[in-house]
Each structure stands twice: as C-alpha cells, then as structure tokens.
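The values are calculated or read from the model by the stated rules, or taken from the named source; none is laboratory data. These numbers come from a predicted model, not from an experiment. No Cβ is skipped: glycine too gets one built from the backbone with ideal geometry, and neighbour counts run over all protein chains shown.
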Amino acid sequence: AALSPCPPDREELGTHSWTLLHTMAAYYPEQPTDEQRTAARAFIDSLSKLYACTHCAEHFREEIREDPPRVESRAALSVWMCKAHNRVNSMLGKPEFECVLEKLDRRWRTGEAHCHNGLADDHYEAE
Ligand code: FAD
C-alpha cells in the first residue's frame, strides 16, 4: 500500500513498526551467534527507549522488564514478539493472534497463495 505523505499517527507508526519487528523475528537465525543475540536484545531495548509514541514506549519498557525478549532462536523470538503484540492488542480491545510459529510464518514469511513471495528472492547469502 502507498504510504500517506503525512507524518504517521500512532496507528500508522504502530502497524509499520510491527511489520518491521515481526519480519525481523521471522528471518532471525535458527541458531543465532552471541553477537546476533546481543544485537536483538539491544534493538528491542533501544526501541523501548526511543519509540516515538512515548506512552507506548513506556508501556513496552514495563512489558520487557516483566517478560524479557527471547533471543535464543527464530521460533523463540517470533513467539515472544507475538505475545508482546498480543498484550497491546488486548489493552486496545483488538483480537489476539495465535502465537504458533506456523501461523506467524504464514503471516510474516511464507504468505498465503495469493501473496507475492515476500522476501523469498531477497536472500542476501546469494549476493
Ligand atoms: P496492528 O496491531 O498494528 O497489527 C498489524 C498486523 O499484525 C495485523 O493486521 C495482524 O495481521 C498482525 N498481528 C496482530 N497481532 C499480532 C501478533 N500478536 N503477532 C503477530 N502478528 C500480529 N498503541 C496504543 O494505542 N497504545 C500503546 O500503548 C501502544 N503500544 C505499542 C507498542 C509498540 C512496541 C508498538 C510497535 C505499537 C504500539 N501501539 C500502541 C500501536 C498498536 O499496537 C497498533 O499498531 C495500532 O493500534 C494499529 O493497529 P492495527 O489494527 O492497524 O494493527
């Protein structure tokens, strides 16, 4: 979808941020190195301090204090991100997503039959 030429409101920033976060989790390594784990933790921690919706950021900081990011594998991070998003969904009265890797992959990585192939051609290993 085309981006609005206007600055994002809370909803627009939220949708695009979740796209980045769930996609990052969907493509996170199955067996991350220590450096990748540290980077994932630092990314999420920084986001919770710098996210431009400040009350959202404050809420997110509380969430990650209570349930720290699971960075040990692609599956763990994908499910953790889903649960984090569900806590916001439930606070806002939005439906919850079933946090099962297969469903998360279908939404954020492999796609349904009608979808273009996402990042499938974008394998940087081949470059
Ligand atoms: P979104 O909630 O943006 O979801 C986008 C898409 O993600 C959905 O269409 C669905 O396909 C998929 N999805 C939904 N749930 C899940 C899940 N659990 N796992 C995987 N995929 C899923 N807004 C506030 O008003 N108050 C807040 O405190 C607040 N905190 C936020 C904190 C963070 C870190 C972020 C990134 C956003 C926050 N937001 C907050 C914004 C809010 O979560 C929504 O993004 C916004 O309300 C727009 O909602 P939406 O209906 O477009 O769908």
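Tabulated results
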| quantity | calculated |
| --- | --- |
| Test: residue in region 8-28 that is more than 15 Å from His85 (Cα to Cα), touching a Pro at 6+ places or on another chain (Cβ under 9 Å) and not in a loop (DSSP other than H, G, I, E, B) | no |
| Residue within region 71-82 that is near the ligand (Cβ under 7 Å from one of its atoms) and surrounded by 13 or more Cβ atoms within 10 Å (Cβ to Cβ) present | yes |
| Sole exception among (1) within 14 Å of the ligand (Cβ to nearest atom); (2) loosely packed, with under 15 Cβ neighbours inside 10 Å; (3) touching a residue at least 12 places away in the same chain (Cβ under 8 Å); (4) not aliphatic (A, V, I, L, M) for Arg87, by number | (2) |
| Filter result (touching a residue at least 24 places away in the same chain (Cβ under 8 Å) and near the ligand (Cβ under 7 Å from one of its atoms)) within region 48-61 | Tyr51, Cys53, Cys56, His59, Phe60 |
| Some residue of region 23-32 being among the charged types (D, E, K, R), at pLDDT 95 or above and in contact with a helix residue (DSSP H, G or I) (Cβ under 9 Å, 6 or more places away or on another chain) | yes |
| Set Ala42, Ala25, Ala2: member being out of contact with any strand residue (DSSP E or B) (no Cβ under 6 Å at 6 or more places or on another chain), closer than 15 Å to Ser73 by Cβ and either loosely packed, with under 15 Cβ neighbours inside 10 Å or not acidic (Asp, Glu) (or both) | Ala25 |
| Top-ranked residue of region 66-117 - restricted to ones that are among the polar types (S, T, N, Q) and assigned to a helix (DSSP H, G or I), ranked as farthest from Asp34 (Cα to Cα) | Ser90 |
